[in-house]
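The values are calculated or read from the model by the stated rules, or taken from the named source; none is laboratory data. Just so it is clear, the model here is predicted, and its values are computed rather than measured. Here the Cβ positions follow ideal geometry from the backbone for every residue, glycine too, while neighbour counts run over all protein chains shown. Ligands, DNA and RNA are stripped out before the accessible areas are found, and what is left, the full protein with its side chains, is counted by its heavy atoms. Shrake-Rupley method; radii C 1.70, N 1.55, O 1.52, S 1.80 Å.
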Amino acid sequence: MIWYPYQQMKTMGAPYEIVDAEGVYLYTEDQKLIDSVSSWWSVIHGYKHPELNRAIIDQVNRFSHVMLGGLTHRPVQQLSQKLEEFLPGDLNHCFFSDSGSVAVEVALKMALQYYMNRGESQRTMILALEHAYHGDTFKTMEAGDDEDYHFVLNAYGPSPHVLHIPTQMEPLEQAFRQYHQRLNCFLVEPLLQGAGGMRMYDLAFLKRARELCDQYGVLLIFDEVATGFGRTGNRFVADLVLPDILVLGKALTGGYIGHAVTVAGQKVYEGFYDEDPNHALMHGPTFMGNALACAAALKSIELFETQDYMSKIHRIEEITSREMAGFSHPEVRQVRVMGGCVCVEVLDPAILRGYQQFAYRRGVFSRPFLNYMYAMVPYIITEAELIQVLDTMKAWFAR
């Protein structure tokens with residue numbers, strides 16, 4: 001029996017069974033659905049992309065996986081080199097893992113050990129945002145701030161190692177003034193907080209955070225698992241404000257295979273590069289640098305670059321802004337648009353009850369959560385398909 005995610009198994013309805021997928025469409029036995037959420041924001045090139053398919057087939061005909069412990073291979077070497085060229089600044093040192101949550105765990109472990117290696121063992125605290133979501137492994141839950149996902153941690157009580165602040169300047173300044181000697185990192189989802197409610201905030205906050213991290217010697221970590229590869233309308237928010245550590249996942253492989261990477265800048269890497277074996281990063285996911293995932297990631301980045309995906313994303317934002325302009329309803333708190341993301345926040349989650357089935361009948365797969373009806377579409381979507389998604393969202397409130 002399958003144990004499904006984020007579901008009370010006793011009361012859940014039957015999930016839709018997918019029998020095929022191509023382009024932006026998912027197919028059930030009786031319906032053709034635009035996937036408006038890109039399989040949790042990852043399938044940026046759509047399904048059954050011929051070039052991505054070929055890249056994986058070519059690699060599987062060589063080998064599917066070898067461990068990186070004492071071994072290496074060409075796909076992981078090529079992907080590391082490509083990321084070094086593709087990413088901004090000195091984000092050059094790639095530590096691979098198999099999911100975004102694990103990659104954030106690696107980043108937090110790096111930050112803690114970076115200071116331990118320097119003899120600053122008092123730096124045990126993480127600064128993070130209110131409404132943060134960084135995954136469902138234990139340290140990422142502790143760094144998160146969402147009772148709807150992480151209430152199980154109430155068993156432990158409040159963590160003395162994490163401080164959460166809103167995306168406002170004064171609490172940011174105050175946190176650094178008061179706790180800078182104990183902080184090892186400031187961990188953020190930059191500009192767009194996904195599972196915490198598609199919350200959007202200003203770049204000026206991140207610029208000031210960078211200044212304060214530099215002033216007080218604290219590492220800045222960007223969790224761009226969801227925001228990377230154009231979702232905010234920027235290639236990476238790291239192009240605008242350079243972090244010390246960058247975490248990527250989801251769209252890294254075009255949504256084909258689970259894979260993630262924690263990319264460290266030169267300063268962080270040098271904090272581990274030593275004759276002392278105790279200064280090594282003692283971490284090693286079994287499937288890190290998986291050859292099939294690396295092959296998919298290389299082709300995904302190539303498509304992103306050669307097919308001018310940033311223009312596609314800007315067009316999605318333009319169409320979405322145009323179609324949602326002036327939309328309001330007494331039950332809607334706010335409509336937010338950023339890059340390839342649109343969110344309709346409602347006043348009461350009960351308002352969205354039944355919307356998934358309504359969208360299904362209109363040829364759209366959607367998965368609202370809590371107070372949030374949203375879309376994060378594949379970037380290959382046509383204007384007509386995007387309008388169908390947005391019209392479906394608006395039609396729910398016109399019933």
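In straight Cα distance, which lysines are under 27 Å from LYS394, not counting same-chain residues fewer than 8 positions off?
Cross-link targets: LYS32, LYS312.
Normalized C-alpha radius of gyration of region 136-265, against 2.2 N^0.38 Å?
1.06
Where in region 105-122 is the amide nitrogen less than 16 Å from a point lying 7 Å along the Cα-to-Cβ axis of ASN278?
113-122
Could you put VAL60, VAL364 in order of accessible surface area, largest first, with the 1.4 Å probe and the full protein assembly present?
Of VAL60, VAL364, the descending order of accessible area is VAL60, VAL364.
Under the 0.36 nm per residue contour assumption, what length would be gained going from the current alpha-carbon distance of TYR16 and GLU85 to full extension?
Length difference between fully extended and current span is 20.8 nm.
Among GLY249, GLY265, GLY69, determine the one that fluctuates most according to a GNM of the chain built with springs between C-alpha atoms less than 10 Å apart.
Fluctuation is largest for GLY69.
Roughly how many whole Å is it from the C-alpha centroid of region 222-275 to that of region 37-101?
Result: 13 Å between the Cα centres.
To check my understanding: the extent here is largest minus smallest coordinate of the Cα atoms along each principal axis. What are those three numbers for region 1-153, in Å, largest first?
Ordered largest first, region 1-153 gives principal extents of 62, 44, 31 Å.
Taking region 221-322, which GluC sites (Glu not before Pro) meet the DSSP loop condition and have no more than 12 other C-beta atoms within 10 Å?
GLU275
Of the chymotrypsin sites (Phe, Trp or Tyr not before Pro) in region 305-388, which ones lie in a loop per DSSP and count no more than 15 other C-beta atoms within 10 Å?
Loop-located and lightly packed - PHE327.
Starting from the amide H of VAL66, placed 1.01 Å from N in the peptide plane, find each other amide H under 5 Å away whose residue is 5 or more places distant or on another chain.
ALA291
Heavy atoms only, probe 1.4 angstrom, no DNA, RNA or ligands counted: give me LYS394, LYS267 ranked by accessible area, highest first.
LYS267, LYS394
Provide the convex hull volume over Cα atoms per residue for region 268-352, in Å³.
233
Could you compute Rg(Cα) / (2.2 N^0.38 Å) for the chain, with N its residue count?
Normalised Rg, Cα atoms only: 0.99.
Restricting the count to DSSP beta bridges whose residues both fall in region 153-249, what percent are antiparallel, rounded to a multiple of 5?
DSSP beta bridges in region 153-249 are roughly 20 percent antiparallel.
What fraction of the DSSP beta bridges in region 211-350 is antiparallel, stated in percent and rounded to the nearest 5?
Within region 211-350, antiparallel bridges account for around 75 percent of the total.
For a quick check: with amide H placed at 1.01 Å from N, whose amide H comes under 5 Å from HIS259's, ignoring anything fewer than 5 positions away on the same chain?
Sorted by chain and number, the residues that satisfy this are LYS250.
Distance cut-off 27 Å, Cα to Cα: go down the list LYS82/LYS109; LYS267/LYS299; LYS10/LYS48; LYS139/LYS267; LYS48/LYS250 and report the pairs above it.
Over 27 Å apart, Cα to Cα: LYS267/LYS299; LYS10/LYS48.
Roughly what % of DSSP beta bridges within the chain run antiparallel, to the nearest 5?
In the chain, approximately 65 percent of DSSP beta bridges are antiparallel ones.
Take the chain, connect every pair of alpha-carbon atoms lying under 10 Å apart with a spring to form a Gaussian network, then pick out the residue of LEU206, LEU347, LEU87 with the largest mean-square fluctuation.
LEU347
Exactly which GluC sites (Glu not before Pro) in region 1-97 are in a DSSP loop and have at most 11 other Cβ atoms within 10 Å?
Answer in residue order: GLU17, GLU29.
Report the paramagnetic label zone for ILE387: residues of region 321-345 whose backbone N is under 16 Å from a point 7 Å from Cα along the Cα-to-Cβ axis.
321-325
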